[in-house]
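First up is the structure itself, then whatever we jot down about it.
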Amino acid sequence: MIAVGIDVGGTKIEAQVFDAAWKCADKLRLDTPNTYEQLVEAICQAIEWADLQSSDLPIGIGAAGLIARETGQAVTANLPAFGKPLSVDIVKAAGRYVTYVNDCRAFTLSEAVFGSAKRYKRVVGLILGTGIGGGFAYEGKLLSDGASVGGEFGHIFAPAHLVQKYDLPIVTCGCGKVGCIETLVSGPGLTRVAEAITGRAFVPRDIDQLRNTDRDAAKVWKVWCALVSELCLAIDYTINPNVIVLGGGLSNMTKVIRDLSVQMATNQFDGFQPPLLLLAQGGASSGARGAAYAALQDRCRD
Ligand SMILES: [Zn+2]
């Protein structure tokens with residue numbers, strides 16, 4: 001056994017032990033509790049289980065949210081840990097060191113090392129789901145602090161020209177800021193855009209099924225692709241990745257890679273290629289595998 005990843009999601013906690021070939025050798029699944037104390041307890045239970053499989057393996061915890069460097073407090077909407085020093089309390093209660101990584105950064109690392117981007121040097125991961133987030137890796141290492149703000153692509157502002165052109169709503173995001181692109185391109189964001197421009201409350205599945213036959217659904221898809229492709233180009237102008245790997249529920253929409261790629265190529269500077277878009281390969285294991293790999297890298301740094 002080489003490392004353990006514990007993926008802490010809004011509904012379940014899944015610990016996976018990886019062997020030297022990075023195959024999952026065993027796993028433990030627990031429900032995510034509703035209170036903070038029980039959450040720390042459940043994560044410690046997963047750590048204890050991992051230590052029983054093989055003692056003193058590096059353990060990485062991949063969870064939604066950020067950890068404020070100054071205070072150690074968690075900033076998270078999906079777990080009952082907002083404002084609590086989650087990573088500190090886990091270490092205290094478990095009595096051993098763990099590496100804490102944001103789940104979108106863990107996804108990125110997993111795809112950069114094991115997944116569809118493993119041949120590439122500069123890799124961005126972009127989750128398009130209930131929320132929008134990502135990370136960036138260079139030569140198989142995360143460039144940002146894995147539990148901090150680098151990769152919070154959803155909270156880049158929506159492009160003004162598209163907001164104006166389609167008269168899109170400018171609303172307060174879950175992060176507290178106003179006008180974040182997440183409020184327009186996440187799953188709930190797509191529905192918000194649909195209501196604003198067609199008066200119909202399409203969910204992503206409707207758009208996927210109807211966009212070739214229903215004019216309103218086609219329009220919503222066009223606006224969504226325009227917004228997401230501008231986000232990808234904003235990432236390109238900042239980091240210039242070789243590849244952007246898409247994950248999350250919305251990345252499962254039919255021909256998402258083709259339509260976004262066409263739109264990006266249209267909007268890119270003349271004579272320059274946009275980054276390659278690929279779908280993630282790791283599936284549900286990406287979070288745990290990425291967190292485990294981050295933990296191994298963390299230990300090797302010592
Ligand atoms: Zn925001």
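The values are calculated or read from the model by the stated rules, or taken from the named source; none is laboratory data. Source: prediction; values computed, not measured. All Cβ positions, glycine included, derive from the backbone under ideal geometry; neighbour counts span all protein chains shown.
One line per residue, one yes/no per condition, for (1) under 16 Å from Gly249 (Cα atoms); (2) free of Cβ contacts under 8 Å to residues at least 24 places away in the same chain; (3) away from the ligand (no atom under 16 Å from the Cβ); (4) crowded, with 18+ Cβ neighbours inside 10 Å:
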| position | (1), (2), (3), (4) |
| --- | --- |
| Leu109 | no, no, yes, yes |
| Gly134 | yes, no, no, yes |
| Lys141 | no, no, yes, no |
| Ser144 | no, no, yes, no |
| Ala147 | no, no, yes, yes |
| Gly151 | no, no, no, yes |
| Val163 | no, yes, no, no |
| Asp167 | no, no, yes, no |
| Lys177 | no, yes, no, no |
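Tell me, which helices (runs of 4 or more DSSP H) wholly within the stretch 183-302 include 1 or more residues that are under 20 Å from the mean Cα position of the chain (by Cα) and among the aromatic types (Phe, Trp, Tyr)?
Here the list reads 215-239, 286-301.
Does Thr76 fit the bill of being under 18 Å from the mean Cα position of the chain (by Cα), polar (S, T, N, Q) and outside the structural domain of Ile127 (by TED's automatic domain parsing)?
Spelling it out, Thr76 is indeed under 18 Å from the mean Cα position of the chain (by Cα), polar (S, T, N, Q) and outside the structural domain of Ile127 (by TED's automatic domain parsing).
Can you pull out every residue in the stretch 179-205 that is of a type in the set (Lys, Arg) and within 16 Å of the ligand (Cβ to nearest atom)?
Within the stretch 179-205, just Arg192 meets the criteria.
Specify which of the listed residues (Ala68, Ala106, Ala112) is more than 30 Å from Arg192 (Cα to Cα) and at pLDDT 95 or above.
Testing whether each residue is more than 30 Å from Arg192 (Cα to Cα) and at pLDDT 95 or above leaves just Ala112.
Of everything in the stretch 11-44 that's of a type in the set (Gly, Ala, Ser) and either in a strand (DSSP E or B) or at positive phi (or both), which residue is surrounded by the most Cβ atoms within 10 Å (Cβ to Cβ)?
Filtering the stretch 11-44 for residues that are of a type in the set (Gly, Ala, Ser) and either in a strand (DSSP E or B) or at positive phi (or both), the one surrounded by the most Cβ atoms within 10 Å (Cβ to Cβ) comes out as Ala15.
Among the residues of the stretch 227-237, are any more than 16 Å from the ligand (Cβ to nearest atom) and either surrounded by fewer than 17 Cβ atoms within 10 Å (Cβ to Cβ) or more than 30 Å from Val101 (Cβ to Cβ) (or both)?
For the stretch 227-237, residues more than 16 Å from the ligand (Cβ to nearest atom) and either surrounded by fewer than 17 Cβ atoms within 10 Å (Cβ to Cβ) or more than 30 Å from Val101 (Cβ to Cβ) (or both): present.
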